[in-house]
Amino acid sequence: TEGISPDGMLNVRMPYTVLYSAGVFLFFKGRPWSDHRINRLVPCALGMYLVHPMANFLLRKAGIHALTIHPLLCVPLCAALVFGISYAVVSAMRKIPVARRFV
(Lines give C-alpha, C1' and ligand atoms only; values in the text may rest on other atoms or scores of the structure.)
Protein backbone atom coordinates (compact mmCIF):
# COMPACT_ATOMS: atom_id res chain seq x y z
CA THR A 1 0.00 0.00 0.00
CA GLU A 2 1.04 3.59 -0.53
CA GLY A 3 3.13 5.08 2.24
CA ILE A 4 4.27 1.77 3.74
CA SER A 5 7.86 0.71 3.26
CA PRO A 6 8.86 -2.94 2.62
CA ASP A 7 9.71 -3.44 6.30
CA GLY A 8 6.17 -2.52 7.32
CA MET A 9 6.89 0.98 8.64
CA LEU A 10 4.90 4.02 7.65
CA ASN A 11 6.67 6.58 5.52
CA VAL A 12 7.06 9.64 7.75
CA ARG A 13 7.38 11.92 4.72
CA MET A 14 3.79 11.34 3.64
CA PRO A 15 1.46 14.32 4.14
CA TYR A 16 -1.03 12.36 6.23
CA THR A 17 1.64 11.75 8.88
CA VAL A 18 1.95 15.49 9.45
CA LEU A 19 -1.84 15.91 9.44
CA TYR A 20 -2.29 13.03 11.88
CA SER A 21 0.33 14.48 14.26
CA ALA A 22 -1.21 17.95 14.07
CA GLY A 23 -4.66 16.50 14.72
CA VAL A 24 -3.51 14.63 17.82
CA PHE A 25 -1.76 17.75 19.10
CA LEU A 26 -4.80 19.95 18.55
CA PHE A 27 -7.09 17.39 20.17
CA PHE A 28 -5.11 17.46 23.42
CA LYS A 29 -4.15 21.14 23.36
CA GLY A 30 -6.04 23.17 25.93
CA ARG A 31 -8.06 20.29 27.36
CA PRO A 32 -8.39 20.95 31.12
CA TRP A 33 -8.29 17.22 31.92
CA SER A 34 -5.06 16.73 30.01
CA ASP A 35 -2.83 19.34 31.69
CA HIS A 36 -1.67 17.23 34.64
CA ARG A 37 -1.21 14.16 32.43
CA ILE A 38 0.87 16.05 29.92
CA ASN A 39 2.94 17.61 32.70
CA ARG A 40 3.91 14.07 33.78
CA LEU A 41 5.06 13.28 30.24
CA VAL A 42 7.11 16.43 29.61
CA PRO A 43 10.22 15.29 31.54
CA CYS A 44 10.18 12.00 29.61
CA ALA A 45 9.64 13.44 26.11
CA LEU A 46 13.27 13.53 24.95
CA GLY A 47 13.98 10.09 26.35
CA MET A 48 10.85 8.70 24.69
CA TYR A 49 11.95 10.20 21.39
CA LEU A 50 15.37 8.56 21.74
CA VAL A 51 13.95 5.17 22.82
CA HIS A 52 11.05 4.84 20.37
CA PRO A 53 13.14 3.28 17.54
CA MET A 54 13.88 0.40 19.91
CA ALA A 55 10.14 -0.04 20.54
CA ASN A 56 9.50 -0.01 16.76
CA PHE A 57 12.21 -2.64 16.32
CA LEU A 58 10.69 -4.86 19.02
CA LEU A 59 7.25 -4.64 17.44
CA ARG A 60 8.64 -5.51 14.00
CA LYS A 61 10.50 -8.50 15.48
CA ALA A 62 7.23 -9.60 17.12
CA GLY A 63 5.54 -9.44 13.71
CA ILE A 64 3.35 -6.45 14.53
CA HIS A 65 3.50 -4.07 11.58
CA ALA A 66 1.35 -2.68 8.78
CA LEU A 67 2.04 -5.59 6.43
CA THR A 68 0.73 -8.26 8.82
CA ILE A 69 -2.21 -6.35 10.30
CA HIS A 70 -4.58 -4.09 8.37
CA PRO A 71 -3.17 -0.52 8.53
CA LEU A 72 -6.42 0.91 9.94
CA LEU A 73 -5.91 -1.28 13.00
CA CYS A 74 -2.14 -1.39 13.04
CA VAL A 75 -1.35 2.33 12.97
CA PRO A 76 -3.25 3.27 16.15
CA LEU A 77 -2.28 0.00 17.83
CA CYS A 78 1.41 0.40 17.00
CA ALA A 79 1.38 4.08 17.98
CA ALA A 80 -0.13 3.23 21.36
CA LEU A 81 2.27 0.33 21.91
CA VAL A 82 5.34 2.36 20.93
CA PHE A 83 4.21 5.21 23.18
CA GLY A 84 3.57 2.86 26.10
CA ILE A 85 6.81 0.93 25.71
CA SER A 86 8.85 4.13 25.35
CA TYR A 87 7.21 5.71 28.39
CA ALA A 88 7.71 2.56 30.48
CA VAL A 89 11.40 2.29 29.55
CA VAL A 90 12.10 5.97 30.22
CA SER A 91 10.13 5.96 33.49
CA ALA A 92 12.11 2.94 34.68
CA MET A 93 15.39 4.56 33.65
CA ARG A 94 14.49 7.76 35.53
CA LYS A 95 14.27 5.72 38.75
CA ILE A 96 17.87 4.51 38.40
CA PRO A 97 20.27 7.24 39.62
CA VAL A 98 23.03 6.48 37.07
CA ALA A 99 20.62 6.20 34.12
CA ARG A 100 18.66 9.32 35.11
CA ARG A 101 21.26 11.64 33.64
CA PHE A 102 20.82 10.05 30.19
CA VAL A 103 17.04 10.46 29.88
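The values are calculated or read from the model by the stated rules, or taken from the named source; none is laboratory data. Everything numeric here is computed off the predicted structure, so don't read it as measured data. Cβ atoms come from the backbone with ideal geometry, glycine included; neighbour counts cover every protein chain shown. To get the accessible areas, we keep the full protein, side chains included, count just its heavy atoms, and leave off ligands, DNA and RNA. Shrake-Rupley method; radii C 1.70, N 1.55, O 1.52, S 1.80 Å.
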Note to self: Restricting to the stretch 70-87, name every residue that is surrounded by fewer than 16 Cβ atoms within 10 Å (Cβ to Cβ) and in contact with a Gly (Cβ under 9 Å, 6 or more places away or on another chain).
What the structure shows: none
Notebook entry, point to check: Name the residues in the stretch 60-69 that are open to solvent by less than 70 Å² (accessible area, probe 1.4 Å) and either touching a residue at least 24 places away in the same chain (Cβ under 8 Å) or closer than 16 Å to T17 by Cα (or both), would you?
Noted result: H65, A66
Notebook entry, point to check: If you go through the stretch 25-35 one residue at a time, do you hit one that is open to solvent by less than 70 Å² (accessible area, probe 1.4 Å), within 30 Å of R101 (Cα to Cα), modelled with pLDDT under 80 and in contact with a helix residue (DSSP H, G or I) (Cβ under 9 Å, 6 or more places away or on another chain)?
Noted result: yes
Next item on the list: Exactly one condition in (1) part of a helix (DSSP H, G or I); (2) modelled with pLDDT of 85 or more; (3) out of contact with any His (no Cβ under 9 Å at 6 or more places or on another chain) is not met by L59; state its number.
Entry: (3)
Note to self: With the structure loaded, tell me whether V90 is open to solvent by less than 50 Å² (accessible area, probe 1.4 Å), among the β-branched types (V, I, T), in contact (Cβ under 8 Å) with a residue 40 or more places away in the chain and out of contact with any strand residue (DSSP E or B) (no Cβ under 6 Å at 6 or more places or on another chain) or whether it fails that test.
What the structure shows: yes
Next item on the list: Assess whether Y49 counts as being surrounded by 13 or more Cβ atoms within 10 Å (Cβ to Cβ), hydroxyl-bearing (S, T, Y) and assigned to a helix (DSSP H, G or I).
Entry: no
